[in-house]
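In what follows, a structure is listed as structure tokens, so that the remarks can point back to it.
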Amino acid sequence: MVDILPSILNSDFWNIKETLNTLNKSETKEIHIDIMDGNFVEDMAFGPKFVKTIREHTDLKLDLHLMIINPERKIEKFIEAGADSITFNVESTFNVMNIIQEVKEHNKKVGVAISPHTSISSIEAILPFVDQVLVLTIKPGTSNSKIITEMYDKIKELYVIKNSKEYSYRIMVDGKVDDKTLRPILESGADAVVSGGYIFKNKKFLDNIEILRKIGSEYE
């Protein structure tokens with residue numbers, strides 16, 4: 001079963017509680033929250049207080065992507081706020097293994113994200129220790145870019161490494177995931193996808209999730 005994570009960043013903030021209540025009653029198991037500091041990426045979005053507020057209104061798993069400089073400074077605060085999994089970009093810190101260890105010590109899942117310019121070889125040494133790899137198919141912190149189809153090759157490379165070395169990480173993809181791009185993403189070997197702009201493009205977001213889920217069922 002392909003995991004489909006709605007990205008709360010693209011939801012209607014005026015009706016966030018209603019959105020969460022609707023997701024709580026659906027087949028959704030996990031939601032994705034982008035954290036941006038205005039330094040590692042240009043945009044700014046959310047912090048521990050926002051995550052804590054979301055946690056108060058849902059029991060769904062909260063998957064955080066920290067697009068911030070030196071994420072090690074904020075790991076504990078986000079875990080205390082209610083994060084179930086934390087993913088960070090390798091380019092944002094010199095303390096990669098320390099972060100992995102800290103998240104695991106709190107019995108949470110940890111992931112590493114790779115930007116379009118990041119090589120697989122630069123993260124290969126840490127692949128045995130992470131629970132997921134987030135492949136970004138657009139430049140981090142942007143929303144109007146077109147999907148970078150060259151990233152499909154990196155998904156395939158991660159899939160080959162995972163199976164040949166019997167690693168257990170989940171391959172997740174974020175960036176312009178919709179009903180047109182989902183098939184090539186899954187054909188490349190992804191286990192999970194994050195979608196925001198497509199899912200929350202209108203008020204029928206449960207219908208949009210179902211469309212993606214039906215496409216995903218073709219690859220079970």
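The values are calculated or read from the model by the stated rules, or taken from the named source; none is laboratory data. Nothing here was measured: the structure is a model prediction, and the numbers come from that model. No Cβ is skipped: glycine too gets one built from the backbone with ideal geometry, and neighbour counts run over all protein chains shown. The area values use the complete protein model at the heavy-atom level, side chains included, leaving out ligands, DNA and RNA. Shrake-Rupley method; radii C 1.70, N 1.55, O 1.52, S 1.80 Å.
What to note about this one:
Condition check ((1) open to solvent by less than 20 Å² (accessible area, probe 1.4 Å); (2) more than 20 Å from A192 (Cβ to Cβ)) across all residues:
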| site | (1), (2) |
| --- | --- |
| E27 | no, no |
| E30 | no, no |
| D34 | yes, no |
| D37 | no, yes |
| V41 | yes, yes |
| K49 | no, yes |
| R55 | no, yes |
| T58 | yes, no |
| D63 | yes, no |
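- I209 vs. criteria in contact with a Pro (Cβ under 7 Å, 6 or more places away or on another chain) and within 14 Å of L5 (Cα to Cα): yes
- Options I100, I138, I79: the member that is under 30 Å from K49 (Cα atoms) and touching a Phe, Trp or Tyr at 6+ places or on another chain (Cβ under 6 Å): I100
- One residue from V112, V177 being open to solvent by less than 10 Å² (accessible area, probe 1.4 Å), on the phi < 0 side of the Ramachandran plot and assigned to a loop (DSSP other than H, G, I, E, B): V177
- Residues (in a loop (DSSP other than H, G, I, E, B), at pLDDT 95 or above and basic (K, R)) located in the stretch 122-167: K165
- If you go through the stretch 84-98 and keep only what is in a helix (DSSP H, G or I) and either in contact with a His (Cβ under 6 Å, 6 or more places away or on another chain) or open to solvent by 50 Å² or more (accessible area, probe 1.4 Å) (or both), you end up with E91, M97, N98.
- Within the stretch 1-23, no residue that is over 18 Å from Y198 (Cβ atoms) sits with its Cβ atom under 6 Å from a residue that is modelled with pLDDT under 90 and aromatic (F, W, Y) at 6+ positions apart or across chains.
- If you go through the stretch 133-150 and keep only what is open to solvent by 10 Å² or more (accessible area, probe 1.4 Å), polar (S, T, N, Q) and touching a Lys or Arg at 6+ places or on another chain (Cβ under 7 Å), you end up with just S145.
- Selection count, the stretch 179-194, where residues are acidic (D, E) and touching a residue at least 40 places away in the same chain (Cβ under 8 Å): 1
- All conditions but one from (1) open to solvent by 40 Å² or more (accessible area, probe 1.4 Å); (2) at negative phi apply to L158; the one that does not is (1).
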